[in-house]
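As structure tokens, the structure follows; a few thoughts come after it.
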Amino acid sequence: MAKLTQLIDNEVFRAYATYATIVLLKMMLMSLITAYFRITRKAFVNPEDTASFGKGESAKKYLRTDADVERVRRGHLNDLENIVPFLGIGLLYALSGSDLSTALLHFRIFVGARITHTLAYLIPLPQPARGLSWVVGYAVTISMAYKVLKTALYL
Amino acid sequence: MAKLTQLIDNEVFRAYATYATIVLLKMMLMSLITAYFRITRKAFVNPEDTASFGKGESAKKYLRTDADVERVRRGHLNDLENIVPFLGIGLLYALSGSDLSTALLHFRIFVGARITHTLAYLIPLPQPARGLSWVVGYAVTISMAYKVLKTALYL
Amino acid sequence: MAKLTQLIDNEVFRAYATYATIVLLKMMLMSLITAYFRITRKAFVNPEDTASFGKGESAKKYLRTDADVERVRRGHLNDLENIVPFLGIGLLYALSGSDLSTALLHFRIFVGARITHTLAYLIPLPQPARGLSWVVGYAVTISMAYKVLKTALYL
């Protein structure tokens with residue numbers, strides 16, 4: 001197992017592992033927030049989820065959309081759209097021989113931007129808070145992609 | 001290529017490769033099931049997809065939502081939301097020097113939980129079958145994330 | 001950092017890094033296209049996004065769906081559903097000791113198929129252009145999954 005231990009001993013790779021895990025846990029939190037709003041607002045989408053509220057018409061009224069549930073779901077989808085590129089490009093970036101301080105700067109700004117994005121979406125904060133936090137995370141990913149292509153390009 | 005071969009020779013990494021591939025193939029199956037229901041139920045979303053049913057109004061009636069299609073699509077999105085964290089955190093976990101039996105336990109339970117989740121969603125089984133299978137997969141991912149952060153934490 | 005540099009020096013891994021980054025950048029482009037259509041068509045989903053158009057009813061009319069916005073969003077989701085499996089299975093495939101020309105063939109066809117899929121979705125081209133490009137990307141991923149399981153299988 002020597003090789004694997006050496007990979008996780010590398011500081012840039014450890015930084016990637018730490019921030020990737022944090023931002024994925026943040027994304028997973030969106031599922032819990034969705035479930036929380038579905039239950040407190042009684043807004044479900046599957047008939048089997050409302051069976052405990054009674055049979056027939058009395059349960060059917062809980063099959064509805066709720067503005068807060070939909071808002072969290074949009075935030076969750078936006079996370080997927082932005083965190084998937086970070087995971088893939090960030091891993092390759094961490095293996096591209098970047099120096100530690102530059103890598104940390106990228107990872108920290110990205111994770112900070114995505115946490116800000118979630119807060120801006122859920123509170124919600126007035127624009128351009130959400131828009132700007134999205135742009136910052138996007139720009140960090142582009143910057144890492146540039147480094148990966150400069151180092152590894154093999155078409 | 002010595003280093004790469006050594007990585008794939010590691011048993012924990014091979015176990016990750018096996019279970020990650022299986023659960024991704026399961027997720028890809030959702031696309032086929034969606035296509036199957038779209039075609040058999042004649043429920044499409046893009047006008048160009050209904051062109052073979054004729055022109056104008058005769059084709060337009062197939063631009064509609066179908067309960068079964070939407071159910072599969074929700075299962076597919078739930079897969080994305082849960083399998084993306086497993087892919088990222090599981091890879092880092094496999095590189096964190098976990099022992100083989102513990103790693104296998106994590107991977108097997110996660111993949112079993114996601115297959116159960118899909119069956120519970122598509123049949124559908126009464127709750128809490130789907131809810132519990134979701135929780136089990138979620139808990140396994142959190143457990144791996146804890147191990148990754150304990151091993152690799154570098155903020 | 002010797003080990004990391006050796007990984008990125010491997011030609012198959014460099015090819016994976018290149019094509020994975022390209023296809024992720026293509027996926028990220030979908031966000032920009034969505035934003036472009038939302039702004040030009042004035043079709044938003046969050047009340048805070050329309051605040052600059054005035055208060056109350058005058059802004060509310062921009063909270064609506066637009067056919068072109070929805071079309072880009074469907075293309076984006078289809079990207080997620082197909083590029084996530086490519087990222088995971090492709091990484092494992094690149095570490096499975098495939099020879100360079102076979103690996104390049106897989107990566108090039110997949111990325112070409114996904115670019116074609118996006119063009120077919122957005123222009124839109126008549127079917128079966130979009131369907132075929134989807135099938136080709138799907139088949140390439142299955143082919144890589146077969147190689148991964150053949151090399152690494154550890155249940």
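The values are calculated or read from the model by the stated rules, or taken from the named source; none is laboratory data. Since this is a predicted model, take the numbers as computed values, not measurements. Quick reminder, even Gly has a Cβ in these numbers, built from the backbone with ideal geometry, and neighbours come from all protein chains shown. When the accessible area is computed, the model is the full protein with side chains, heavy atoms only, and any ligands, DNA or RNA have been set aside. Shrake-Rupley method; radii C 1.70, N 1.55, O 1.52, S 1.80 Å.
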Next on the checklist: Projecting each Cα onto the charge dipole of the protein assembly as shown (Lys/Arg +1, Asp/Glu -1 at the beta carbon, about the Cα centre), which of B:Phe37, B:Ile142, C:Thr141 comes out farthest on the positive side?
Outcome noted: B:Phe37
Checklist outcome for this item: Going residue by residue through the range A:10-21, the Karplus relation 6.51 cos²θ - 1.76 cosθ + 1.60 with θ = phi - 60° gives ³J(HN,Hα) values, rounded to whole Hz and with x marking Gly or Pro, of 5, 5, 5, 5, 5, 4, 4, 4, 5, 6, 5, 5
Checklist entry - Using unit Cβ charges (K, R positive; D, E negative) and no other charged atoms, how large, in debye to the nearest 20, is the dipole of the protein assembly as shown about its Cα centre? => result 980 debye
Next on the checklist: Tell me the carbon and sulfur percent of the accessible area for the range A:1-125, rounded to whole percent, probe radius 1.4 Å.
Outcome noted: 61 percent
Checklist outcome for this item: Taking the chain alone as reference and the full protein assembly as comparison, with a 1.4 Å probe on protein heavy atoms only, the residues of the range C:30-59 that lose at least 20 Å² of accessible area are C:Ser31, C:Leu32, C:Val45, C:Asn46, C:Glu48, C:Asp49
Next on the checklist: If you take each beta carbon of peptide C:11-17 and count the beta carbons of other chains within 10 angstrom, what is the mean?
Outcome noted: 6
Checklist entry - Can you pull the mean other chain C-beta count within 10 Å for peptide A:70-78? => result 2
Checklist entry - Tell me, what is the per residue accessible area of the range B:65-155 in Å², probe radius 1.4 Å? => result 38 Å²
Item to check | Potential extension, A:Glu11-A:Arg41 segment - 0.36 nm per residue separation minus Cα distance | outcome: 6.3 nm
Checklist outcome for this item: The answer for the net charge of residues other than A:Tyr62 whose Cβ lies under 14 angstrom from its Cβ, with Lys and Arg +1 and Asp and Glu -1, is +3
Item to check | Shielding score for C:140-152, defined as the mean number of other chain Cβ atoms within 10 Å | outcome: 4
Next on the checklist: Under the convention of a label 7 Å out along Cα→Cβ, give the distances in nm from B:Gly54 to the same position in every other copy, shortest first.
Outcome noted: 4.4, 4.4
Checklist entry - With a 1.4 Å probe, how much accessible area is buried between chains A and B, both sides summed, in Å² to the nearest hundred? => result 3200 Å²
Checklist outcome for this item: Copies of B:Ile142 compared via label points 7 Å along Cα→Cβ give distances in nm, shortest first, of 3.8, 3.8
Checklist entry - What residues qualify as long-range amide H neighbours of B:Phe44, i.e. H under 5 Å apart, gap of 5 or more or another chain, H built at 1.01 Å from N? => result B:Leu63, B:Arg64
Next on the checklist: Keeping all protein chains in place and using 1.4 angstrom, which order do B:Lys55, C:Lys61 fall into by accessible surface area, from largest down?
Outcome noted: B:Lys55, C:Lys61
Item to check | Inter-copy spacing of C:Gln127 label points, which lie 7 Å from Cα along Cα→Cβ, given in nm from shortest upward | outcome: 3.5, 3.5
Checklist entry - Which whole-Hz ³J(HN,Hα) couplings does the range C:41-46 yield from phi under the Karplus relation 6.51 cos²θ - 1.76 cosθ + 1.60, θ = phi - 60°, glycine and proline marked x? => result 8, 6, 10, 10, 10, 9
Checklist entry - Relative contact order of the range B:1-129: what whole-number percent is it, with Cα pairs under 8 angstrom and at least 6 residues apart? => result 34 percent
Checklist entry - Which value, in debye to the nearest 20, describes the size of the charge dipole of chain C about its Cα centre when Lys and Arg Cβ atoms bear +1, Asp and Glu Cβ atoms bear -1, and nothing else is charged? => result 340 debye
Checklist entry - Taking chain A as a Gaussian network, where each spring joins two C-alpha atoms under 10 Å apart, which residue of A:Asp68, A:Asp49, A:Asp79 fluctuates the most? => result A:Asp49
